Amino acid sequence: MRFFPVLCASLLPVAALAAPPPSSQRISALVVPMDKGAEAQALKLEGFINEALNEYQGFTVKTSDELFGIAVDEDAAASLKRAQTGFAESKADFDNRQYEPAERKLRATLKEFDKSVAAMKTCGNLCEAWAMYGAVLQSRGDSEEAKLAVLNLLALSPSFEVDRKRYPQDFLSLKAQVAISRNAQLRGNIVVKTKPAGARVYLNGEFQGYSPLTLQTLPIGKAMVKVEKPGFRQVGQMIEVTPDDSEFTPELIASSGFKAFDALMDRLAAEALKDKGGSTMASVSKSLGLDRGIVAVVKELESGGTELTIGYYELKTGKRLAIKRTTMQGDEFGEMKGEVQRMVTWVINNGDGPSDKVTRSADPLDNRAGTEDWNGEDRGGRTQNRDKKKGGKDPLDGVNGTEDW
């Protein structure tokens with residue numbers, strides 16, 4: 001079972017933090033998945049809750065990334081450092097038209113880049129290295145290998161622009177030729193499955209979604225795939241995309257701190273579903289310095305839907321202030337986000353009372369349904385409600401059907 005806490009502290013001057021006013025409450029939201037199916041949705045649900053909490057003045061959201069961090073892959077970081085050094089040396093040789101030493105250094109540099117995906121955020125110098133490598137291969141007459149290098153470059157960054165002042169015209173023509181070749185039109189898929197599920201998936205530095213996830217219709221060639229999950233070590237791999245499906249199924253390694261909290265959250269979920277919390281809530285309050293908490297318990301149903309229970313608690317005493325439960329049938333049209341945010345707003349408003357809600361919205365139509373004046377008539381810019389006398393025996397005479405909206 002995995003959990004994703006979100007800490008919220010009041011927006012107060014530093015000097016005021018030592019003795020906050022009574023109205024200021026330090027609050028935490030924790031998403032607790034009860035099964036593997038729910039686990040895949042936990043991080044996404046945390047994001048929805050964060051957005052809802054950000055609508056309230058006086059709260060600042062601390063995500064699970066900030067609380068647990070993403071553990072760095074030290075080996076990948078070391079490889080990236082060597083790759084950047086090799087790239088600088090290769091570039092110097094390339095610009096001086098010293099293609100033979102440049103080729104030798106670029107081979108070693110590309111191998112280091114392959115091992116450093118977990119530490120990379122964008123293609124960056126890797127794409128430039130593939131472009132230089134293709135150019136030096138072409139310069140010694142190896143056109144087929146040069147085409148493969150360009151194919152990898154285009155797969156990593158289809159819009160990569162080659163500096164016309166640095167590269168020979170022959171290479172610019174080769175790049176244009178490869179871009180419209182049959183191989184460049186081929187596509188493949190990468191199936192990404194992590195253990196545990198629910199990790200963020202990045203393709204060539206761009207966020208794609210949460211695992212399990214299939215990256216579809218990718219161009220043939222190299223692809224940088226990286227996964228991240230708060231409390232776990234980052235993982236990345238350079239994958240060769242082919243017309244056949246490729247798989248990336250890493251097992252994520254949790255930090256010791258995350259493991260300790262994970263065990264604690266198992267008991268927190270049990271307390272959250274009761275009328276009153278217990279020692280676990282008190283422990284969370286003390287260890288994290290929190291006054292209140294929003295606990296979201298997620299469970300996958302046999303019918304295929306998701307049951308979500310969101311409770312609002314005073315953590316020190318375990319007193320439940322408000323609770324709401326709903327069942328959601330998928331998220332095909334993005335409906336889950338709106339439902340989660342409505343639930344968060346409901347439990348906070350009902351737990352603290354309507355007068356405690358302060359949002360940042362400046363919309364003059366906020367809290368209006370848009371049908372308030374449907375029963376009135378507009379005369380010269382004024383809306384008037386007119387009493388109509390019923391006539392005949394028709395019980396619907398004078399009734400337009402929107403009175404109760």
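Things worth noting here:
- Here the condition is being among the β-branched types (Val, Ile, Thr) and either assigned to a strand (DSSP E or B) or surrounded by 21 or more Cβ atoms within 10 Å (Cβ to Cβ) (or both); of Val191, Val178, it holds for Val191 alone.
- Residues in the stretch 75-93 that are buried (at least 19 other Cβ atoms within 10 Å of the Cβ) and either touching a residue at least 60 places away in the same chain (Cβ under 8 Å) or of a type in the set (S, T, N, Q) (or both): Ala76, Ser79, Ser90.
The rows are residues; the columns are (1) over 25 Å from Met120 (Cα atoms); (2) of a type in the set (A, V, I, L, M, F, W, C); (3) in a loop (DSSP other than H, G, I, E, B).
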| site | (1), (2), (3) |
| --- | --- |
| Gly198 | no, no, yes |
| Tyr202 | no, no, no |
| Val225 | no, yes, no |
| Pro230 | no, no, yes |
| Met238 | no, yes, no |
| Phe261 | yes, yes, no |
| Asp266 | yes, no, no |
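- Residue match in the stretch 22-40 (condition: at pLDDT below 85, touching an Asp or Glu at 6+ places or on another chain (Cβ under 6 Å) and either farther than 14 Å from Met343 by Cα or surrounded by fewer than 20 Cβ atoms within 10 Å (Cβ to Cβ) (or both)): yes
- Hits in the stretch 274-313 (condition: modelled with pLDDT of 85 or more, in a strand (DSSP E or B) and over 25 Å from the mean Cα position of the chain (by Cα)): Tyr313
- Residues satisfying the stated conditions in the stretch 260-289, i.e. surrounded by 13 or more Cβ atoms within 10 Å (Cβ to Cβ), touching a residue at least 60 places away in the same chain (Cβ under 8 Å), more than 15 Å from Gly351 (Cβ to Cβ) and not acidic (Asp, Glu): Phe261, Met265, Leu268, Ala269, Val284, Leu288
- Yes/no for Ala129 being of a type in the set (A, V, I, L, M, F, W, C) and within 30 Å of Ala254 (Cα to Cα): no
- In the set (1) touching a Leu at 6+ places or on another chain (Cβ under 8 Å); (2) modelled with pLDDT of 95 or more; (3) farther than 30 Å from Gly231 by Cα, Thr194 fails one condition alone, (3).
The values are calculated or read from the model by the stated rules, or taken from the named source; none is laboratory data. Since this is a predicted model, take the numbers as computed values, not measurements. Cβ sites come from the backbone with ideal geometry, for glycine too, and all protein chains shown count toward neighbours.
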